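The next block holds one structure in the form of structure tokens; read it before the comments.
The values are calculated or read from the model by the stated rules, or taken from the named source; none is laboratory data. The shown structure was predicted, so the numbers you read here are calculated from the model rather than taken from an experiment. Because the Cβ atoms are built from the backbone with ideal geometry, glycine has one as well, and the counts that use them run over all protein chains shown.
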Amino acid sequence: MKSTYTILLAGGTGLIGQNLVNILESQGHRVNILTRSSSTKKNHFIWSPKNQEIDEESLKNVEIVINLAGAGIADKRWTKKRKEILIKSRTDTTNFLYQISNKLPHLKQYISASGINCYGYNNYDRKHKESDPFGDDFLSEVVEKWENAADQFKTKCKVAKIRTSVVLTKEGGALPKIAQTVKNYIGAPIGSGKQWMPWISMDDINRMYAHAVAHQLEGSFNALTGSVTNKEFTKELAKALNKPLWLPNVPSFVLKLALGEMSSVVLDGLQADNTKILGTGFEFKNTSLSSFFEKEYH
């Protein structure tokens, strides 16, 4: 199996993407990064899926396409229009990449970001395997349409889908926001506090993408180290920050009033099984939440 590839990366300027570029380049891969805004940075190329435009220079000798593009699930309230954006920002970019894939004669693999929140929230105790059916809630619908779009590439190459859980890093995403509430003495478990939070460190999610490239993986893979309850998560974080938790749980109705349907992101949770990715030889570096928090904040 070839050791280094030319990779086309969509969504490479986002939080996960920037870190992924570093690890892929450190392994000797050439990474062509697609961006919607003009950049003078090395290996950055303009594209506009909306206008069906791409700098064809970015396509030269590409063997692997990785697509991380998609509007942030928790960035804005889920209006009808926002829901359309959440789906179309994923499916439209995928469809456009598929349309131009005839200009990629050396294409070997398409890797798509995906979401672990695709199984629904109806089975609290089940550790969902990749073969489990999709749920019937909105996030499950997003992931199902996203993955169906990715599966178009099966006629041309191998397809891998990385079902991502909550990615933890001090650099951005959910962790700094939660940590700030704890530092300000207003941190508290949310709702019952019993809902599961599947998690993975930034380092491990990027190592997992690199592993998918190196081993030319195919199929869907749950990307999580494990699941903890929201109460456990908040408690471990407060311990690492050396701050007390003295407020009562934030009531569910408060979140529902503030966030509407989007409150399901924090009020509902699930567990998932990671034995499939482990079976490919992948090993997680950060397996203990308390150790991870200690490392991040000390």
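Is it true that residue 94 is surrounded by fewer than 19 Cβ atoms within 10 Å (Cβ to Cβ), out of contact with any Pro (no Cβ under 6 Å at 6 or more places or on another chain), hydroxyl-bearing (Ser, Thr, Tyr) and modelled with pLDDT of 95 or more? No; evaluated as a whole, the condition is false for this residue. Answer yes if at least one residue in the range 156-172 is farther than 22 Å from residue 207 by Cβ, over 16 Å from the mean Cα position of the chain (by Cα) and loosely packed, with under 15 Cβ neighbours inside 10 Å, and no otherwise. There is no residue in the range 156-172 that is farther than 22 Å from residue 207 by Cβ, over 16 Å from the mean Cα position of the chain (by Cα) and loosely packed, with under 15 Cβ neighbours inside 10 Å.
Here residue 89 meets the list (1) out of contact with any Gly (no Cβ under 9 Å at 6 or more places or on another chain); (2) closer than 21 Å to residue 48 by Cβ almost entirely, failing just condition (1). Number of residues in the range 49-62 that are surrounded by 13 or more Cβ atoms within 10 Å (Cβ to Cβ) and closer than 23 Å to residue 146 by Cβ: the value is 5.
The set of residues in the range 1-14 being buried (at least 19 other Cβ atoms within 10 Å of the Cβ) and in a strand (DSSP E or B) consists of 7, 8, 9, 10.
Tell me whether the range 18-36 contains one or more residues that are small (Gly, Ala, Ser) and closer than 20 Å to residue 172 by Cβ. The answer is no; no qualifying residue exists. From the list 152, 109, 99, the lone residue that is touching a Phe, Trp or Tyr at 6+ places or on another chain (Cβ under 8 Å), among the polar types (S, T, N, Q) and in contact (Cβ under 8 Å) with a residue 24 or more places away in the chain is 152. Scanning the range 266-298 for residues being within 20 Å of residue 234 (Cα to Cα), β-branched (Val, Ile, Thr) and surrounded by fewer than 18 Cβ atoms within 10 Å (Cβ to Cβ) gives a total of 1. Scanning the range 97-133 for residues that are assigned to a helix (DSSP H, G or I), among the hydrophobic types (A, V, I, L, M, F, W, C) and touching an Asp or Glu at 6+ places or on another chain (Cβ under 9 Å) yields a single hit, 100. The condition (being part of a helix (DSSP H, G or I) and either among the β-branched types (Val, Ile, Thr) or out of contact with any strand residue (DSSP E or B) (no Cβ under 9 Å at 6 or more places or on another chain) (or both)) is satisfied by just one residue among 75, 136, 151, 92: 92. Among the criteria (1) under 22 Å from residue 146 (Cα atoms); (2) in contact (Cβ under 8 Å) with a residue 60 or more places away in the chain, the one residue 250 does not fulfil is (1).
Residue 18 fulfils the conditions (1) modelled with pLDDT of 95 or more; (2) over 30 Å from residue 257 (Cβ atoms); (3) among the polar types (S, T, N, Q) except for a single criterion, (1).
Scanning the range 15-38 for residues being free of Cβ contacts under 8 Å to residues at least 12 places away in the same chain and either crowded, with 19+ Cβ neighbours inside 10 Å or in a loop (DSSP other than H, G, I, E, B) (or both) gives a total of 2.
With respect to the conditions (1) touching an Asp or Glu at 6+ places or on another chain (Cβ under 7 Å); (2) of a type outside the set (D, E, K, R); (3) without any contact (Cβ under 8 Å) to a residue 40 or more places away in the chain, residue 289 lacks only one, and its number is (3).
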